[in-house]
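Peer 1: Can you read through this structure? Questions will come right after.
The values are calculated or read from the model by the stated rules, or taken from the named source; none is laboratory data. Quantities reported herein were computed from a predicted structural model and do not represent experimental measurements. Glycine also receives a Cβ, built like all others from the backbone with ideal geometry; neighbour counts cover every protein chain displayed. Just so you know, the surface numbers come from the protein's heavy atoms only, side chains and all, with ligands and any DNA or RNA stripped out. Shrake-Rupley method; radii C 1.70, N 1.55, O 1.52, S 1.80 Å.
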Amino acid sequence: MCAAVPLHAFILLAFVSCVLAYPCCLDSSLSEEEQSQNSNSLRRELLDPGRYVASDRPGTASNVDSVDEIQVQLYVTDILDIDQQELTFEVKGYLRLWWTDQRLRYDHIENHTGSLSFGPNTPDIWLPDIYIDNAVKVTFGNGNLLTGDPEGSIWWSRGVHIVASCAMNFARMPWDSQTCHLKVGSYAKDGFQLSVGFRKYDDGSSGDPILSDEFFIPEWNMTGNGGYSERQWYGTLPWDWVYLTFDFERRHEYYITYVIVPGAIFCTCAWANYWIDRKMPGPRVSLAGLVLLTLNGQVAMVTSILPKVAYTTWLSSYLLGLVILNSLGIVVYGIISVADTCWKARGGDSVFHRLEVKQMHKALHVKRWDDLFRDNAKEKPRRERNTAKRNALVSEGESTLSGSGASVDTPASNTSHQHLKELASHWRKKSASKKYSSQEQRAPSLLVNQEDGEGMNDLASLQSPSPPEESLDMSSRDRVRNRSAQLT
């Protein structure tokens with residue numbers, strides 16, 4: 001069996017291990033310090049004023065003047081706002097630049113294989129004068145990284161907050177889409193000195209703006225992003241530009257819910273006030289005025305978020321149409337009221353009274369035609385009785401003429417008899433054709449109240465069944481006497 005190892009033996013063994021490991025740790029610490037010293041010495045060697053001039057661009061360092069290529073990339077972390085009134089949009093992210101400076105190449109130096117940091121505030125290195133042409137305000141954040149690799153490739157990344165202008169068109173609002181861009185290029189170097197383009201990868205593809213998935217715009221949806229490069233000529237000198245584009249589409253649900261549908265409901269309510277009694281102008285005008293003020297508030301809300309453009313938007317045209325339609329209802333009511341007052345002042349019936357009378361006449365006319373054309377078992381006997389009464393009345397008139405003592409050949413008798421026949425024939429035709437006019441209102445009960453027989457009395461009053469001699473004038477009486485004398 002193994003003997004038990006004393007406790008002090010373990011303590012001694014641990015102490016000896018620490019002593020033996022200390023030189024190794026000391027050598028490693030010294031190695032990191034040496035690497036830092038080597039990086040500083042390499043940086044001083046590369047940026048030696050005798051061999052490196054920061055004011056000269058990399059292409060002029062060689063014997064043959066060449067064009068320096070600047071590669072651009074934007075990493076977007078957030079799109080803060082789209083200001084429609086100021087026509088601007090805010091982007092937050094990192095602006096990254098790549099270029100090659102052969103003067104900073106150190107792959108030929110031993111023991112330096114990693115990247116070399118030049119620090120964010122190194123004044124002794126050449127930096128491209130890249131700026132954003134359509135920027136209203138640019139603020140660079142704390143993030144700033146400037147490194148180089150052994151082949152002389154330099155990478156510069158800075159945190160940036162950009163407020164840039166954007167040409168927007170609101171003609172189709174709220175169904176509109178907007179495209180905003182950032183125009184990136186060199187400020188002082190033309191295309192013969194600097195070539196500005198997108199970041200190129202090893203597979204030959206170029207890098208569009210990189211978007212983070214963390215941002216959200218309440219009123220807009222981002223439908224896409226991209227970019228393109230373009231060379232523009234200013235006189236005889238070209239300038240290279242890179243356009244970073246962002247496509248936005250408006251969320252129109254808000255305007256449908258809170259502007260379009262309520263506006264249509266308000267306008268309908270304004271015209272519904274014509275169902276209110278005309279003798280209550282207060283509620284009618286108050287309702288239309290309240291709706292008009294509400295629509296004006298909606299118009300003010302829409303115009304407050306838009307710039308003072310020279311054209312009308314779809315939404316503003318819609319609201320303006322509702323305002324005009326609502327105002328037209330008030331104007332129409334006012335015109336009718338003034339016309340009614342003026343007509344009353346001239347002694348005529350009011351417009352509303354004449355409209356009511358016209359409606360009553362129309363209803364009465366419909367009722368008459370309905371009564372006349374209704375052929376059922378209840379009304380047929382009544383019409384037969386009326387017809388019999390009318391025929392009896394005509395026969396009674398004829399017999400009255402016959403028993404008056406005047407000859408049938410007497411002109412007065414012939415005239416009265418013919419008159420009765422024509423009158424009876426007239427009312428028969430009128431009853432058959434069912435036509436009524438304002439001149440025939442002398443016998444309205446004949447057509448409306450046929451059951452009570454009042455029409456028969458009206459017809460009898462028209463026939464004048466008095467003795468013929470009494471009803472004739474003097475000349476007719478003389479003619480009757482002369483005719484009687486001749487016969488005797």
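Peer 1: How far, in nm, would the chain grow between residue 300 and residue 338 when pulled straight, counting 0.36 nm per residue and subtracting the alpha carbon separation?
Peer 2: Contour length minus Cα-Cα distance gives 10.5 nm.
Peer 1: If you don't mind, there's one more thing I want to ask. How large is the charge dipole for the stretch 134-218, taken about the Cα centre, if only the Cβ atoms of Lys, Arg (+1) and Asp, Glu (-1) carry charge, to the nearest 20 debye?
Peer 2: Using only the charged Cβ atoms, the result is roughly 460 debye.
Peer 1: Using θ = phi - 60° and the Karplus relation 6.51 cos²θ - 1.76 cosθ + 1.60, list the HN-Hα couplings for the stretch 166-175 in order, rounded to whole Hz, with x at every Gly or Pro.
Peer 2: My calculation for the stretch 166-175 gives 9, 7, 10, 10, 9, 4, 9, 4, x, 9 Hz in order.
Peer 1: Could you sort 324-336, 94-106, 43-55 so that the peptide with the highest average Cβ count within 10 Å comes first and the rest follow in order?
Peer 2: Ranked by mean Cβ neighbours within 10 Å, highest first: 94-106, 324-336, 43-55.
Peer 1: Distance in nm between label sites at residue 265 and residue 387, each 7 Å beyond Cα in the beta-carbon direction?
Peer 2: Between residue 265 and residue 387, the simple spin-label model gives 6.2 nm.
Peer 1: Also: Averaged per residue, what accessible surface does the stretch 129-284 expose to a 1.4 Å probe, in Å²?
Peer 2: 53
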